[in-house]
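*Asks:* Dropping a structure here in C-alpha cells format, bear with me for questions.
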Ligand code: ADP
C-alpha cells in the first residue's frame with residue numbers, strides 16, 4: 001500500500017515538487033519494496049520445518065524444476081549447470097527445492113567475469129548424502145564463511161547484488177530440519193563450494 005500510493009503521487013506530481021521530493025518518493029518506494037521482501041523472507045524462515053509432508057524426493061526432479069524457475073537468470077548469465085546422478089532422498093520437497101534454488105541462484109548471482117559454471121555433486125557417506133554446489137564466481141574470503149549463514153548477513157551492497165541476506169539462513173534451517181549440516185569452502189576470486197548433508201535413511 002505504501003509503495004502503491006507513493007507511486008501514484010510520483011506519477012501525479014513528478015517534477016512539480018522539486019528534486020528533493022522526487023528523491024524522497026523514490027526512497028519510500030524502494031524502502032517499502034525491501035520491507036515487503038524482508039517480511040516474505042522472515043515468514044519463509046519461520047515456516048521451515050512446519051509445512052509439507054516428508055516423502056521420497058527425487059533430487060534430479062528438484063534440480064530440473066530449479067533450472068526451469070531460474071531460466072531467465074541462467075540465460076542472462078550464460079550459465080551452464082551440470083550434475084552428478086542425483087539420488088532420491090527422504091525429505092520435504094518444497095524445502096529441498098528452496099534449498100537448491102537458493103544455492104544455485106546465489107551461484108549465478110555472485111558471478112565474476114567468466115561464463116557461469118555450476119556443478120551439483122553428490123556422494124553417499126555412511127547414512128547420509130553429501131551434496132556440493134560448486135561455482136566459478138567471486139568467491140568468499142575465509143573470515144566470512146560462518147557469518148554469511150546468519151540472518152540478514154550480506155557482504156555486498158544491494159545495488160551491486162540485490163538480496164535480503166536471508167537465503168543462506170533459510171538454507172541452513174532447511175538442512176538442519178533434514179538432520180544435516182551446511183558449510184562453505186571458497187577461494188576469493190575463484191569460486192565457492194557449498195557442501196551440505198542430508199540424512200539418507202530417516203525422513204525429517
Ligand atoms: P543474499 O543472496 O540475499 O545476499 P544469502 O543469505 O543467500 O543472501 O547470502 C549471504 C551472502 O553470502 C551474500 O550476500 C554473499 O555475500 C555471500 N554469498 C552467498 N552465496 C555466494 C556465492 N555462491 N558466491 C559468493 N558469495 C556468496
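The values are calculated or read from the model by the stated rules, or taken from the named source; none is laboratory data. Note that this is a predicted model, so its numbers are computed, not measured. So basically every Cβ, Gly included, is an ideal-geometry build from the backbone, and we count neighbours across all protein chains shown.
*Asks:* Quick one: how many residues across the range 79-91 are free of Cβ contacts under 8 Å to residues at least 40 places away in the same chain, under 18 Å from residue 203 (Cα atoms) and in a loop (DSSP other than H, G, I, E, B)?
*Replies:* 1
*Asks:* When you go through (1) assigned to a helix (DSSP H, G or I); (2) within 16 Å of the chain's Cα centre (by Cα) one by one for residue 120, which number turns out not to apply?
*Replies:* (1)
*Asks:* Evaluate the range 143-165: report whether one residue or more is touching a residue at least 40 places away in the same chain (Cβ under 8 Å) and in a helix (DSSP H, G or I).
*Replies:* no
*Asks:* Can I ask one more? Among the residues of the range 61-78, is there at least one that is at pLDDT 95 or above and assigned to a loop (DSSP other than H, G, I, E, B)?
*Replies:* Yes, because at least one residue in the range 61-78 is at pLDDT 95 or above and assigned to a loop (DSSP other than H, G, I, E, B).
*Asks:* Can you name the residue in the range 1-56 that is surrounded by 13 or more Cβ atoms within 10 Å (Cβ to Cβ) and touching a strand residue (DSSP E or B) at 6+ places or on another chain (Cβ under 6 Å) and, of all such residues, is modelled with the lowest pLDDT?
*Replies:* Among residues in the range 1-56 that are surrounded by 13 or more Cβ atoms within 10 Å (Cβ to Cβ) and touching a strand residue (DSSP E or B) at 6+ places or on another chain (Cβ under 6 Å), the one modelled with the lowest pLDDT is 52.
*Asks:* A follow-up question, please. From the residues in the range 80-104 that are within 15 Å of the ligand (Cβ to nearest atom) and under 21 Å from residue 178 (Cα atoms), which one is surrounded by the most Cβ atoms within 10 Å (Cβ to Cβ)?
*Replies:* Within the range 80-104, the match that is surrounded by the most Cβ atoms within 10 Å (Cβ to Cβ) is 99.
*Asks:* Sticking with this structure for a sec: Which numbered condition in (1) under 26 Å from residue 128 (Cβ atoms); (2) assigned to a helix (DSSP H, G or I); (3) in contact with a helix residue (DSSP H, G or I) (Cβ under 7 Å, 6 or more places away or on another chain) is the only one that residue 94 fails?
*Replies:* So residue 94 meets the others, but not (3).
*Asks:* Also, quick follow-up: Of the residues 180, 121, 112, which is near the ligand (Cβ under 10 Å from one of its atoms) and in contact (Cβ under 8 Å) with a residue 12 or more places away in the chain?
*Replies:* Being near the ligand (Cβ under 10 Å from one of its atoms) and in contact (Cβ under 8 Å) with a residue 12 or more places away in the chain holds for just one of 180, 121, 112, which is 112.
*Asks:* A follow-up question, please. In the range 193-202, is there at least one residue being surrounded by 20 or more Cβ atoms within 10 Å (Cβ to Cβ), touching a residue at least 60 places away in the same chain (Cβ under 8 Å) and within 11 Å of the ligand (Cβ to nearest atom)?
*Replies:* yes
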